[in-house]
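Visitor: A single structure is presented below for examination.
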Amino acid sequence: MSTSSETVPNTPPGAAPDTSPETASGAAPVRGTRLSLSGASLGRPGATALDKVDLDIAPGEILTVVGPSGCGKSTLLRTLAGLLPPLAGEIAQDGHPLTGPSADRALVFQEDALLPWRTLRANVELPLAIRGVPRAERREQAQAWLERVGLGSQARQLPHRVSGGQRQRVQLARALAGRPRAVLMDEPFGALDAQTRAGMQDLLVEVLQGTGATVVFVTHDVDEALFLGDRVALLGAGGLVAVRDIPRPRERGAHDDPARVALRRDVLTSLGT
Amino acid sequence: MRRYALRVLSLVAALGLWQALTSLNVDLWLRFSQFPTVTDVARAFAARVSGPDYWTDLTDSLTRILTGFLLAAVLGVATGVLVARSRLAEDLLGPVLEVIRPIPAIALVPVAILLFPSNEQGIVFITCTAAFFPVLVSTRHSVRALTPVWEEAVRTMGGGRWRILGSVVLPGALPGVFGGLSVGIGVSWICVISAEMISGQYGVGYRTWQDYTVVDYPGVFVGMVTIGVLGWLTSTAVELLGRRLTRWLPRTAYVPGARPPRTNRSVKPAPAAPAAVPGGARSEEARDEHLV
């Protein structure tokens, strides 16, 4: 899973050839990061959303998180992003406790989080600017990322001039442009219609290829969770209910695989109660 | 084009009414008989414009207001951001500012006279204080009203305090800041003119008051017209700059009271206008589809 980004054999031609040279991050290849929670209580002071969570997310893994709304899925992501300190227990990245947000862990928001006064390209350039990439180079990289999500020709548009689905694609490009070692996604396709959604899922699988990033993907759509994830975590009733392996992840044809069907039934049952 | 014609018409109508009332010496409770007519004022204006004092007064007043206003803009935005973003600053500065805020800036003339060695600095101080509070208050409000997700996004990209300030807080607060600046420039004019009347040497306010004391009423009106035009020009400049810098704001396509765009009249005049609306809507739709 954790292939370095230099060795990207399966990116389509013309797709982000210039995101490969290692510049700011030195010689080390970009690899996924291990995120672990042990005995963690998450939430805001006085309002614990999740209690005693033990979860280990392997480097390069795609973990999907499902649960009924209000169960603390977003809280889990915000805590992993470092925006919300845990109430108790420990959250660690590669064994070191998390202290705050970092460019290592990009967050893709459910709502529109693009800066409305920046053009699409300037939005994608932002993480690169923060990392200190020189202007010409970050322009080139941002353009390449926009092309990779199919928006190369709209690079100079302002966010409110493009559709919601396109804004989410830009958010994805922006998150990945900073070459994070983990990408945390908070129902990124939640507001999109079914068709756009399926397209976005395929796009996500495609652009994640070769980044080697660890992904935590929160959704309330069980089918989306089972398609995208290597494992699926079930949240509910104030805690983590179960973590299950997903057979044949990211195969469109696998939805009628008996093992997958059985898992789907299990997941739905556990969510129903 | 038609809108400009309407605007000119409104000014011309006001002048016409003034001329009619004063030249007919109307005395119906309101007494216009002592009032200079438009032509008196125009003659006085022409005489003044050709003299040297008028331009000295003009540049003096402009220098005072621009210095005071720019200082107020910088200080107001800085203090507003500070108070909105830091609880310590809010606790330390908040009470002092709230106590000073209700004091009319022009009431600070004694303070200005005591504090500053020259009248000039005193006038700038009063102008600055006048514009400072509207800028401060609107900056504070718009910084507090920023969408939190913008800041969180920049933080998860590894952006620090200064990055958030430069990339989120300042640009995001800009629409509100310009609201404050627009109010501020208006209040600044009020205060610069009043301060000049009280303690100035040269300046449009000073000249207007001088003319009043020597019973030169056309001169007084020349002063008032000058203040009006200058105020209008400066607030338009602020407005235009604000619109330019906040072009990213999504705007509704609907303009209240707007007339449908003129279509070619030589084609059928009657159905042309209604046909233009669905046509325009269709092209808008086509563009939206292209965006999806």
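Values in this text are rule-based calculations from the coordinates and carry no lab data. Since the structure is predicted, the reported quantities are computational estimates derived from the model, not experimental observations. All Cβ positions, even for glycine, are placed from backbone atoms using ideal geometry, and neighbour counts span all protein chains on display.
Visitor: About its Cα centre, how strong a charge dipole does segment A:122-222 have in debye, to the nearest 20, once Lys and Arg get +1 and Asp and Glu get -1 at the Cβ?
Guide: 460 debye
Visitor: Once the dipole of segment A:104-195 is set up with Lys and Arg at +1 and Asp and Glu at -1 on Cβ about the Cα centre, which of A:GLN143, A:GLY190, A:ALA106 lies farthest towards its positive end?
Guide: The Cα lying farthest towards the positive end belongs to A:GLN143.
Visitor: Right, next: Rounded to the nearest 20 debye, what is the charge dipole size of the protein assembly as shown about its Cα centre when +1 sits on each Lys and Arg Cβ and -1 on each Asp and Glu Cβ?
Guide: Value, rounded to 20: 1140 debye.
Visitor: Something else now. Between B:LEU170 and B:PHE116, what is 0.36 nm times their sequence separation minus the Cα-Cα distance? Round to one decimal in nm.
Guide: 16.2 nm
Visitor: Sticking with the crude label model, points 7 Å out along Cα→Cβ, report the distance from B:VAL49 to A:ALA259 in nm, one decimal please.
Guide: Placing both labels 7 Å beyond Cα along the Cβ direction yields 9.0 nm.
Visitor: What order do you get for B:MET224, B:MET1, B:MET197, B:MET157 when you list them from fewest to most C-beta neighbours inside 10 Å?
Guide: The order, fewest Cβ neighbours first, is B:MET1, B:MET224, B:MET197, B:MET157.
Visitor: Is there a quick way to get the dipole size of segment B:147-231? I mean about its Cα centre, with the Cβ of Lys and Arg at +1 and of Asp and Glu at -1; what is the value in debye to the nearest 20?
Guide: In total the dipole reaches around 380 debye.
Visitor: Okay, next question. At A:ASP56 and A:ARG252, where each label point lies 7 Å from the Cα along Cα→Cβ, what is the point-to-point distance in nanometres?
Guide: Output for this residue pair reads 3.6 nm.
Visitor: In peptide B:245-251, how many Cβ atoms from other protein chains are near each Cβ within 10 Å, on average?
Guide: Across B:245-251, the average partner-chain Cβ count within 10 Å equals 3.
Visitor: As I understand it, the value is the acute angle between the Cα axis of helix A:258-272 and the longest principal axis of the Cα atoms of chain A; what does it come to in degrees, rounded to 10?
Guide: Long axis of A:258-272 versus the principal axis of chain A: about 70 degrees.
Visitor: With a 10 Å Cβ neighbour count serving as the proxy for reagent exposure, in which order, fewest first, do B:ILE65, A:ILE130 appear?
Guide: A:ILE130, B:ILE65
Visitor: Hey, what angle do you get for helix A:135-148 against the long axis of chain A, alpha-carbon based, 0 to 90 degrees rounded to 10?
Guide: Roughly 60 degrees, rounded to the nearest 10.
Visitor: Only helices at least 30 Å long along their own axis, judged from Cα atoms, and with Kyte-Doolittle mean hydropathy of 0.0 or greater: name those in chain B from DSSP H.
Guide: Length and hydropathy pass: B:2-23, B:52-85, B:119-144, B:170-199, B:217-245.
Visitor: For chain B, set up a Gaussian network in which alpha carbons nearer than 10 Å are linked by springs, and say which option among B:GLY158, B:GLY76, B:GLY122 fluctuates the most.
Guide: B:GLY158
Visitor: Treat each spin label as a single point 7 Å out from the Cα along the C-beta direction, and report the A:ASP94 to A:ALA198 distance in nm.
Guide: Those two pseudo-labels are separated by 3.9 nm.
Visitor: Order of A:34-41, B:27-34, B:233-240 by packing, highest average Cβ count within 10 Å first?
Guide: Ranked from most to least packed, the peptides come out as A:34-41, B:233-240, B:27-34.
Visitor: Need one value for A:107-113: mean number of C-beta atoms belonging to other chains within 10 Å of its residues' C-beta atoms.
Guide: Partner-chain Cβ atoms within 10 Å, mean over residues of A:107-113: 4.
Visitor: Which Cα, out of B:THR234, B:GLN201, B:VAL222, lies furthest along the positive dipole direction of segment B:198-253 (beta carbon charges, K/R +1, D/E -1)?
Guide: B:THR234
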